Amino acid sequence: LGYDNAAVRLGDGSRGWPDHAPFDVILVTAAAREPPAALLEQLAEGGRMVLPLHGDGAQQLTRIEKCAGGELVSRTIMPVRFTELETVF
């Protein structure tokens, strides 16, 4: 398609891609009980992550921003339904 700024990796998405971190934006397309720690670590200061998180019986699309000093601020956007994020050990 002519894009030269995209890369693809096959693997456990919950571990991120530390060799290419930090990331300004991370989009997770599978539901998790909590944001994967590896992805939070790889998020750049000022970066945003959007992911579906399990709540009280429902999933919520959630936006997490990493502020200066590493503070994380999250905001619920809307109810959603995604497949489960599975981790490989």
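The values are calculated or read from the model by the stated rules, or taken from the named source; none is laboratory data. In this text, all values refer to a predicted model and were calculated from it rather than measured experimentally. Every residue, glycine as well, gets a Cβ built from its backbone with ideal geometry; the counts of neighbours run over all protein chains shown. All accessible areas refer to the heavy atoms of the entire protein, side chains included, with ligands and DNA or RNA removed. Shrake-Rupley method; radii C 1.70, N 1.55, O 1.52, S 1.80 Å.
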Discussion item. On a full-extension model of 0.36 nm per residue, what is the gain between Ala7 and Ala30, subtracting their alpha-carbon distance, rounded to one decimal in nm?
Written reply: 6.3 nm
Fill in: Choice from Val25, Val73, Val50 showing the highest fluctuation, given a GNM over the chain with Cα pairs closer than 10 Å
Val73
Response to the item:
Summing -39500 (n - 2.57) over every DSSP H run of at least 4 in the chain, dividing by its residue total and rounding to the nearest 500, the 222 nm mean residue ellipticity is -1500 deg cm²/dmol
Discussion item. Quick check on the chain: what are the equivalent-ellipsoid semi-axes from the Cα gyration tensor, as sqrt(5λ), descending, whole Å?
Written reply: 21, 17, 13
Discussion item. Per residue, how much accessible surface does the chain expose to a 1.4 Å probe? Answer in Å², no decimals.
Written reply: 72 Å²
Fill in: Qualifying GluC sites (Glu not before Pro) in region 1-77, DSSP loop, other Cβ atoms within 10 Å at most 10
Glu71
Response to the item:
Distance in nm between Glu41 and Ala68 label points, each 7 Å along Cα→Cβ, equals 2.6 nm
